[in-house]
Amino acid sequence: MQTLFIGIDVSKDSFAVAALDAQGETAFSLTAGMNKAGFSELLKAISSRRVPREEVVVAMESSGCYHINLFSFLSAQGFRTVVINPLVVANFSRLSLRKTKTDRKDAFTIAKFILSHRDSVEPFSIMPAHQDLRDLAREREFTLKMISSIKNEIKRLLQSTFPELEHLGNVFSDTMLQFLSVFPSARLIQEAEPAAILQAFEQKDKRMRISASPEKIRQAAQNSIAAVSLAKEMILPGKIATLQHLDERLAELTRTLVKLCETTLQEDLKIITSIRGVSNITAAPFLAEMGDWRGFRSYKQLIAFAGIDPSIHQSGTFLGASRLSKRGNRHLRRLIWLMTFCAIRMEGPFKAYFTRRKSEGLPFRKALFATAHKLIRVIFSMLNNRTCFAVQQTA
């Protein structure tokens with residue numbers, strides 16, 4: 001049972017603390033710097049209350065990267081520490097008629113919130129390993145976005161330097177990227193000797209890995225409508241070098257993420273990947289973003305945490321269109337859609353369910369939405385029961 005409720009409002013260089021006892025009376029409050037001395041001051045203030053650490057609960061809002069160090073410090077000291085969605089705290093604060101906003105008042109608001117919800121506030125990412133997994137998963141997602149952006153830029157440049165090439169094969173294959181690094185335009189191909197063109201396509205193992213022959217590409221260059229741009233001929237090889245670096249970085253992040261997940265959450269990973277179509281590459285980031293599944297009392301809480309719960313607008317006889325709330329973890333939401341896409345591509349109960357919902361008249365997105373809900377229900381049940389996927393579980 002908790003007897004001391006501590007709310008912390010975190011900023012970049014400092015944090016405000018407010019502590020309440022079980023009756024809602026102020027135990028202490030302070031403002032300290034975001035440094036070792038400030039952490040020690042907070043620990044001293046908590047210790048002065050002579051409350052067993054298992055009876056202390058500390059809460060703070062998610063504030064980008066600013067709360068992580070204090071969160072890790074308090075967790076390492078043995079305090080139950082939770083991170084609360086700022087939107088939840090903001091809605092709670094609206095119950096007050098006063099609109100005064102200060103760091104100290106925000107800290108008291110957080111403390112009052114966890115006192116009022118002492119039986120329902122659940123910990124998120126309380127293990128350092130979960131935070132490491134989440135950091136890797138989000139860095140991998142960021143890298144994927146950069147790769148997509150660089151590919152779009154390469155395609156845009158090729159529309160000027162050699163627009164016909166994209167119709168001859170995959171311009172992002174290793175062999176084609178190597179070739180474009182040497183010959184980034186139709187003009188340079190036209191001026192080159194056939195032997196030089198052939199050499200630019202050769203890999204270290206001497207095998208050709210393109211769908212169009214070098215001769216076909218050379219002929220396309222001879223008939224190209226490409227504009228001459230020395231600037232774009234210089235920029236394109238640089239973009240290709242950046243893409244190759246990002247591809248290597250993505251592979252490294254993926255290996256590290258999956259390896260760490262296999263080390264810390266081996267059984268959970270095995271359970272989720274037992275669903276056909278869900279691989280380590282999607283399951284590991286999913287586990288990282290979900291955090292400790294035991295923090296959710298039901299699959300509905302997990303659905304709400306991901307922001308894929310329906311938002312319904314109704315007043316009197318008016319009933320508005322149902323939409324996703326999108327108020328949860330957008331990274332987790334993206335992974336759930338990705339896992340659902342993978343699951344419905346494979347023969348099995350999820351594809352059958354998706355097909356059935358479409359045949360009942362649901363549009364593609366709503367059928368996918370319904371299948372995503374079903375997938376989360378199944379995953380939560382498997383994790384809760386510690387069992388791998390079986391077809392009868394989807395009945």
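Specify the residue that is nearest to the chain's Cα centre (by Cα); the eligible residues are those in the stretch 23-57 that are over 19 Å from Arg104 (Cβ atoms) and touching a residue at least 24 places away in the same chain (Cβ under 8 Å). Checked the stretch 23-57; the qualifying residue nearest to the chain's Cα centre (by Cα) is Val57. Counting only residues that are open to solvent by 60 Å² or more (accessible area, probe 1.4 Å), in contact with a Phe, Trp or Tyr (Cβ under 8 Å, 6 or more places away or on another chain) and not charged (D, E, K, R), the stretch 47-79 holds 1 of them.
Within the stretch 212-229, the set of residues being touching a helix residue (DSSP H, G or I) at 6+ places or on another chain (Cβ under 9 Å), open to solvent by 70 Å² or more (accessible area, probe 1.4 Å) and farther than 16 Å from Met176 by Cβ comprises Gln222, Asn223, Ile225, Val228.
Please specify each residue of the stretch 32-41 satisfying the condition of being surrounded by 15 or more Cβ atoms within 10 Å (Cβ to Cβ) and part of a helix (DSSP H, G or I).
Correct list: Gly38, Phe39, Glu41.
In the stretch 118-139, the residue that is modelled with the lowest pLDDT out of those that are loosely packed, with under 15 Cβ neighbours inside 10 Å and part of a loop (DSSP other than H, G, I, E, B) is Met127. Does Ser29 qualify as being farther than 17 Å from Arg118 by Cα, of a type in the set (Gly, Ala, Ser) and not in a helix (DSSP H, G or I)? The answer is yes for Ser29. The set of residues from the stretch 225-259 being touching a residue at least 60 places away in the same chain (Cβ under 8 Å) and of a type in the set (Gly, Ala, Ser) comprises Ala226, Ala227, Ser229, Ala241.
Listed by first and then second residue, the pairs with beta-carbon distance under 9 Å, at least 6 apart or on different chains, first residue in the stretch 83-112 and closer than 17 Å to Phe15 by Cβ, second open to solvent by 60 Å² or more (accessible area, probe 1.4 Å) and modelled with pLDDT of 80 or more, are Asp103/Thr31; Arg104/Thr31; Ala107/Thr31; Phe108/Thr26; Ala111/Thr26.
The residues of the stretch 145-186 that are touching a residue at least 40 places away in the same chain (Cβ under 8 Å), under 15 Å from Gln244 (Cβ atoms) and either within 27 Å of the chain's Cα centre (by Cα) or crowded, with 17+ Cβ neighbours inside 10 Å (or both), listed by number, are Met146, Ile147, Ile150, Lys151, Glu153, Ile154, Phe172, Leu177, Leu180, Pro184. The set of residues in the stretch 80-97 that are open to solvent by less than 10 Å² (accessible area, probe 1.4 Å), over 19 Å from Phe28 (Cβ atoms) and of a type in the set (Ser, Thr, Tyr) is empty.
When Lys101, Lys44 are checked against the criterion of being basic (Lys, Arg), open to solvent by 20 Å² or more (accessible area, probe 1.4 Å) and assigned to a loop (DSSP other than H, G, I, E, B), Lys101 stands alone in meeting it. Summed over the stretch 275-300, the residues that are touching a residue at least 60 places away in the same chain (Cβ under 8 Å) and under 18 Å from the mean Cα position of the chain (by Cα) give a count of 11. Residues of the stretch 1-26 that are part of a loop (DSSP other than H, G, I, E, B) and either among the small types (Gly, Ala, Ser) or open to solvent by less than 20 Å² (accessible area, probe 1.4 Å) (or both): Ser11, Ala22, Gly24.
The values are calculated or read from the model by the stated rules, or taken from the named source; none is laboratory data. Just so it is clear, the model here is predicted, and its values are computed rather than measured. Please note: Cβ atoms are built from the backbone with ideal geometry, for glycine as well, and neighbour counts cover all protein chains shown. Ligands, DNA and RNA are stripped out before the accessible areas are found, and what is left, the full protein with its side chains, is counted by its heavy atoms. Shrake-Rupley method; radii C 1.70, N 1.55, O 1.52, S 1.80 Å.
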